[in-house]
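Working notes for the structure below.
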Amino acid sequence: MKPESYIQKAYRCILQNDFDEALRWFEQAIAANPGDAEVHYRCSITYGRSNKLGMAIIHAEEAVRLQPDKPEYGVHLQHIKAAELVQRARKMVENRKDVTKTELYQAISHLKSAVAMDPLYAQAYVWLALVYSELDEHALAISTLKEVIALYPQESGLQYIMEELKQRLRSYLQDSASD
């Protein structure tokens, strides 16, 4: 089968929301023509949508290596790497009561790197704000969230998070005043 046939099958699967099958077809297209940067790029996007970020990074890096003059490949690679850092930070802190300060600071480091890699990635800012708040760094939490609200003013969920952070600050200040 020609690589183009594999790609067409992959796109059909994507339209049917069958990303695992689409990935199988993309991988076959790559096996048939490993030097096609565009197929690596498309495969990376599909891995990213499937939250398989390790494989997404591998294919994004290959697309950039094969065709470094395509800026969209580099932008995509930065986004996927940022998403992987956010995922790593979330695993460190999410739904855990026993998180240490060291782990929170490590998460902040990952999240700051994610923001630097992809300054438009809203999740990185939101998680950074939440981790700052966990460290009682409420001013940093609020200013970080203000940055993402400035980028995405139409996102009402961000306003909800802002109100939550302001409430945490008020509680923190009340607790500090009563000590």
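The values are calculated or read from the model by the stated rules, or taken from the named source; none is laboratory data. These figures come from a predicted structure and were not determined experimentally. Virtual Cβ from ideal backbone geometry, glycine too; neighbours counted across all protein chains shown. To get the accessible areas, we keep the full protein, side chains included, count just its heavy atoms, and leave off ligands, DNA and RNA. Shrake-Rupley method; radii C 1.70, N 1.55, O 1.52, S 1.80 Å.
Summed over segment 127-179, residues that are more than 19 Å from ALA82 (Cβ to Cβ), open to solvent by less than 70 Å² (accessible area, probe 1.4 Å) and in contact with a His (Cβ under 8 Å, 6 or more places away or on another chain) total 2. Report yes if some residue within segment 111-122 is touching a His at 6+ places or on another chain (Cβ under 7 Å) and within 30 Å of TYR41 (Cβ to Cβ); otherwise report no. Yes, that holds for at least one residue. Counting only residues that are among the aliphatic types (A, V, I, L, M), farther than 22 Å from GLU84 by Cβ and surrounded by 15 or more Cβ atoms within 10 Å (Cβ to Cβ), segment 2-58 holds 4 of them. Each residue in segment 65-109 was checked for being free of Cβ contacts under 8 Å to residues at least 24 places away in the same chain and small (Gly, Ala, Ser), and 2 pass. For segment 96-111, the set of residues classified as over 12 Å from the mean Cα position of the chain (by Cα) and assigned to a helix (DSSP H, G or I) consists of LYS101, THR102, GLU103, LEU104, TYR105, GLN106, ALA107, ILE108, SER109, listed by residue number.
Yes/no per residue for (1) under 30 Å from VAL39 (Cβ atoms); (2) among the aliphatic types (A, V, I, L, M):
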residue: ALA82; (1), (2): yes, yes
residue: ALA116; (1), (2): yes, yes
residue: VAL131; (1), (2): no, yes
residue: ALA139; (1), (2): no, yes
residue: SER143; (1), (2): no, no
residue: GLN154; (1), (2): no, no
residue: TYR160; (1), (2): no, no
residue: SER171; (1), (2): no, no
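Scanning segment 92-114 for residues that are small (Gly, Ala, Ser), surrounded by fewer than 21 Cβ atoms within 10 Å (Cβ to Cβ) and within 14 Å of TYR132 (Cβ to Cβ) yields one hit, SER109. One residue stands out among those in segment 68-91 that are over 21 Å from SER50 (Cα atoms) and not acidic (Asp, Glu): the one that is least open to solvent (accessible area, probe 1.4 Å), which is LYS70.
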